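The structure appears below as structure tokens.
The values are calculated or read from the model by the stated rules, or taken from the named source; none is laboratory data. Values in this document were obtained by computation on a predicted structure and should not be read as measured data. Because the Cβ atoms are built from the backbone with ideal geometry, glycine has one as well, and the counts that use them run over all protein chains shown.
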Amino acid sequence: MAEPPTPEPAAPAALVLRGRRFDAANPAVMGIVNLTPDSFYAAARYERADGLAAVTQMITEGADLIDVGGVRAGQEGGEVSVADEVKRVRPFLMAVRELHPNAILSLDTWRAPVAEACAEAGVDLINDTWAGADPELVSVAAQLGAGYVVTHTGGLPPRTDPVAISYGDDPDAVVRDVLATLAAGAAKAVAAGVLPEQVLVDPTLDFGKTTKHSLRVLRATAAVASLGFPVLQALSRKDFVGETLDLPVDERLYGTLAATAVAGWLGTTVFRAHDVAATRQVVDMVASIRGDRPPALAVRGEPNLR
């Protein structure tokens, strides 16, 4: 009897940062540090001392990258000037670099002057969460020799919460918009001088999207991976998880991990996460189920060689 066909998952493109390679066999977990008093997830709000301790804990739990941000994504919390953002993130990044010299550091910002101010910390990745709102940011990333995250926000400006978002009556229109935007943004990053293996594409669920849009885009992760750049998925405790399951942010871990497993199977390379240890186990398990990562142990049923 013929073996039943097994759908082949998409092969994640490799990401190379600070001499380390992340790929199908070695997916990356990006730990989140929000240096804000108003992050949507209270457990991820840090000041300097507890933030540094959190970084050490994340690295111990298996984080490969640390993503540091100084401004809440949404409108709540009031205006944060460039100077205020720099004051929040630069000293912290410098302290992390001193404490963990080999850590891969990501800066979550949409403003070029902030990235320039953090150059001395040796930032490895610029996580442009607002899709090129500052057109100079990608050039700064290239000048720093850093990677760059291309995002999709549906054309909304920074810190805009989605209201009455529509991509038309075709449910696949949002996917086409995401693919076109990410492809164009990745091409722009490469043209600016960012190495292709350091360009990440992030479908950016919740941003400029309804929950139904985010679920549809998540199902299309393989199409995003087919663009040929490593995919970053930022799924952790987001509203699309909360609305899907009708749960508050503190109760969204299991839903997040389910979305993480699907995203991993469909070709994601990097996973931005608040819950590092749980995410590490999920992405490694998925990579092993896919056949890309060998089990850490494989002794069950083997001959007794003693």
**Message:** Of the conditions (1) β-branched (Val, Ile, Thr); (2) within 18 Å of the chain's Cα centre (by Cα); (3) under 29 Å from Ala164 (Cβ atoms), Val199 satisfies every one except a single condition; which number is it?
**Reply:** (3)
**Request:** State the number of residues belonging to the stretch 255-285 that are in contact with a Phe, Trp or Tyr (Cβ under 7 Å, 6 or more places away or on another chain), in contact (Cβ under 8 Å) with a residue 60 or more places away in the chain and β-branched (Val, Ile, Thr).
**Result:** 4
**Prompt:** If you take the residues in the stretch 61-102 that are touching a Leu at 6+ places or on another chain (Cβ under 8 Å) and of a type in the set (A, V, I, L, M), which one is surrounded by the fewest Cβ atoms within 10 Å (Cβ to Cβ)?
**Reply:** Leu99
**Message:** With the condition being over 25 Å from Tyr148 (Cβ atoms) and not small (Gly, Ala, Ser), I'd like the helices (runs of 4 or more DSSP H) fully within the stretch 163-249 carrying at least 1 qualifying residues.
**Reply:** 211-219, 239-245
**Request:** Go through the residues of the stretch 119-134 one by one and say whether even a single one is in contact with a His (Cβ under 9 Å, 6 or more places away or on another chain) and either over 21 Å from Pro203 (Cα atoms) or modelled with pLDDT under 95 (or both).
**Result:** yes
**Message:** Filter the stretch 208-228 down to the residues that are crowded, with 23+ Cβ neighbours inside 10 Å and on the phi > 0 side of the Ramachandran plot and list them by number.
**Reply:** Gly208
**Asked** Any idea which of (1) at negative phi; (2) out of contact with any Leu (no Cβ under 8 Å at 6 or more places or on another chain); (3) modelled with pLDDT of 95 or more; (4) surrounded by fewer than 24 Cβ atoms within 10 Å (Cβ to Cβ) is the one Leu156 doesn't satisfy?
**Response** (3)
**Prompt:** In the stretch 14-36, what count of residues is obtained for those that are more than 30 Å from Gly74 (Cβ to Cβ) and either modelled with pLDDT under 95 or among the basic types (Lys, Arg) (or both)?
**Reply:** 3
**Asked** Does the stretch 138-154 hold any residues that are of a type outside the set (Ser, Thr, Tyr) and in contact with a strand residue (DSSP E or B) (Cβ under 9 Å, 6 or more places away or on another chain), and which are they?
**Response** Val138, Val140, Ala141, Ala142, Leu144, Ala146, Gly147, Val149, Val150, His152
**Options Arg293, Arg272, Arg300: the member that is among the basic types (Lys, Arg) and not in a loop (DSSP other than H, G, I, E, B)** = Arg272
**Asked** Looking at this structure, is Ala115 in contact with a strand residue (DSSP E or B) (Cβ under 6 Å, 6 or more places away or on another chain) and assigned to a helix (DSSP H, G or I)?
**Response** yes
